[in-house]
Amino acid sequence: MSQNQTPLFSGLLAHAKRNPIQFHIPGHKKGAGMDPEFRDFIGDNALSIDLINIGPLDDLHQPKGIIKQAQDLAAEAFGADRTFFSVQGTSGAIIAMVMAVCGPGEKIIVPRNVHKSVMSAIVFSGSIPVFIHPEIDIDLGISHGITTESVERALQQHPDAKGVLVINPTYFGISADLKKIVEIAHSYNVPVLVDEAHGVHIHFHDELPLSAMQAGADMAATSVHKLGGSMTQSSILNVKEGLVSAKHVQSILSMLTTTSTSYILLASLDVARKQLATKGKDLIDKTIRLAQSIRKRINEIDQLHCIGEEILGSKATFDYDPTKLIISVKELGLTGYDVEKWLRERHNIEVELSDLYNILCIITLGDTEAEADLLVTALKELADECQHRPGKFEPVEVLLPEIPILALTPRDAFYAETEVIPFEESEGRIIAEFIMVYPPGIPIFIPGEIITQENLHYIRKNLEAGLPVQGPEDDEIKTIHVIKEYKAIK
Ligand SMILES: Cc1ncc(COP(=O)(O)O)c(C=O)c1O
């Protein structure tokens, strides 16, 4: 088969054209049994391919037909030995990836700033996380990835780890030296699992950081839906065999996946792969040029700074993705949150994310000069307004919390009996909930860790500085959930 073909999407279209009489789910039967307002809005085309795993349409759980062909083409396009489609986002693929290498009581090396799906996977698998501090960019107030040195140190101390998980690139588009990290991990026979949620496109252009498969990683959970043109929730899990078994990965992914897989999502993966494989280079080329021109124009505006290649060269900033526009707004005397709100209210512009110092705008295959102009014009207006604004916000320093000692596995802590006690009296107890501060988006506590006075102080300082502390049930953090202790009976 060639990369110009779309076996899954074409198979669905041919099936819909035959227009069989359906005595199977979905019960809306091509929309006929659906609320008319929604049906008219979604349209007959989409509803005609909202189908299910009947014989001619293959089955994601045991693909042998059009789904297998589509997955095989994706594997070829992404340089993997096997590719599995996920209808449960990259979160689902990440959980499968971790559970495929780690069981109860086994160690996995992970950066502290992982996505919540990694922590869910650690709870589900019963594994023991060995955390690596990510590098913090004090100037931008964000965390980057992990360094080759820290991976080497972690493996020297824990050569029995079952995997090393790397976020590559980060949400902000920053990459570590992934190839080197893979070499180090493989010298210990430890597989590398890549959270590639923000990097589906990097495989298709040589001006972008190396993709997980190009760097020789063993598995990568990749959000095709985020930057690759498929529909929300559709992702892939790429596997290189050797240290991991694709069959085992497939059976774990299947255990975690609905039996009612959406064929609209699956077909969108098939067509996104075709577009990336056949036109990706040109489309991404245009995207990079557009993003670079916006970056230049933003950097001509007083007091705004759009980060570019000057960020490279530190141990954790080996490469970057220029299609991510990290716009530092702190010199305006505003927070990123303020700017996000201002852009929404004044210009109907929605950004990808904001934090204390920055906003992040992503430029993709779907953008043109028109959107670029709107963003630059809006930012110019904002900068002009700010010149005359009294009472500017003073940036607070983003600090790094110490990582406390883990007394119980996150899974044991999750299932343990808990009690609620006052925050101020919690030193020395084992916490049963997550506490995060954003930025830099790193957990201060995860379930199972011993509460230290130093970390309580860190939380207090962040609350005083007005930084959002997230996670605990009590928003104000006057109380905290800890593992219940039973006193000896006299
Ligand atoms: C770094 C990272 N990993 C994983 C995910 C999960 O991806 P998905 O939303 O496709 O489940 C996200 C989502 O934002 C993410 O930012």
Practice problem: Please turn the phi angles of the stretch 161-167 into ³J(HN,Hα) values with the Karplus equation 6.51 cos²θ - 1.76 cosθ + 1.60 (θ = phi - 60°), one per residue in order, whole Hz, x for glycine and proline. | Solution: 4, 8, x, 10, 9, 10, 8
Self-check item: Charge tally in the Cβ shell below 15 Å around Phe84, where Lys, Arg are +1 and Asp, Glu are -1, Phe84 excluded
Solution: -3
Quiz item: Based on DSSP H runs of at least 4 residues, each adding -39500 (n - 2.57), what is the mean residue ellipticity at 222 nm of the chain after dividing by all its residues, to the nearest 500 deg cm²/dmol?
Solution: -11500 deg cm²/dmol
Self-check item: Exposed chymotrypsin sites (Phe, Trp or Tyr not before Pro) absent: longest stretch of the chain, with sites in DSSP loops and at most 12 other Cβ within 10 Å deemed exposed
Solution: 24-485
Quiz item: Ratio of Rg to Rh for the stretch 315-419, alpha carbon only, Kirkwood?
Solution: 1.15
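What ranking, highest mean first, results for peptides 470-479, 60-69, 252-261 when packing means the other Cβ atoms within 10 Å averaged over each residue?
With the highest mean Cβ count within 10 Å placed first, the list reads 60-69, 252-261, 470-479.
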Practice problem: Quick one: of Lys380/Lys461; Lys226/Lys461; Lys240/Lys286; Lys68/Lys240; Lys107/Lys324, which pairs are farther than 27 Å apart, Cα to Cα? | Solution: Lys380/Lys461; Lys226/Lys461; Lys240/Lys286; Lys107/Lys324
Quiz item: How high is the relative contact order of the chain, in percent, with contacts defined as C-alpha pairs under 8 Å that are six or more residues apart?
Solution: 14 percent
Quiz item: At what distance in angstrom do the alpha carbon centres of the stretch 279-334 and the stretch 415-451 lie from each other?
Solution: 36 Å
Exercise. Compute the projected area of the convex hull of the Cα atoms of the stretch 144-267, averaged over all viewing directions, and report it in nm² to one decimal place.
Key: 8.2 nm²
Quiz prompt | Distance histogram for the chain (every C-alpha pair counted, 20 angstrom bins, percent rounded to whole numbers) | solution = 22, 51, 26, 1
Quiz item: Under unit Cβ charges (Lys, Arg +1; Asp, Glu -1), what dipole magnitude, rounded to 20 debye, does the stretch 39-90 have relative to its Cα centre?
Solution: 120 debye
Quiz item: Once amide H atoms are placed 1.01 Å from N in the peptide plane, what residues at a sequence separation of 5 or more from Gly163, or on another chain, have their amide H within under 5 Å of its amide H?
Solution: Ile109
Exercise. Let me know the charge dipole size of the stretch 55-162 about its Cα centre in debye, to the nearest 20, where only the beta-carbon of Lys, Arg (+1) and Asp, Glu (-1) is charged.
Key: 340 debye
Quiz item: From the phi of every residue in the stretch 266-278, what ³J(HN,Hα) in whole Hz does the Karplus formula 6.51 cos²θ - 1.76 cosθ + 1.60 yield, where θ is phi - 60° and glycine or proline is x?
Solution: 4, 5, 5, 5, 4, 6, 5, 4, 4, 4, 5, 6, 9
Quiz item: Under 24 Å from the Cα of Lys29, which lysines turn up, not counting those fewer than eight places away in the same chain?
Solution: Lys17
Practice problem: Would you pull out the residues with amide H under 5 Å of Thr418's amide H, same chain only if 5 or more places away, H placed 1.01 Å from N? | Solution: Lys484
Quiz item: Check Ile442: other-chain or 5+ apart residues with amide H under 5 Å from its amide H, H built from backbone geometry?
Solution: Val437
Quiz item: What does the charge dipole of the chain about its Cα centre add up to, to the nearest 20 debye, if the Cβ of each Lys and Arg holds +1 and the Cβ of each Asp and Glu holds -1?
Solution: 1580 debye
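Readers should treat all values here as calculations from the given coordinates under stated rules, not as data from a laboratory. None of the values given here were measured: they were computed from a predicted structure. FYI the Cβ positions are ideal-geometry reconstructions off the backbone, even for glycines, and counts take in every protein chain you see.
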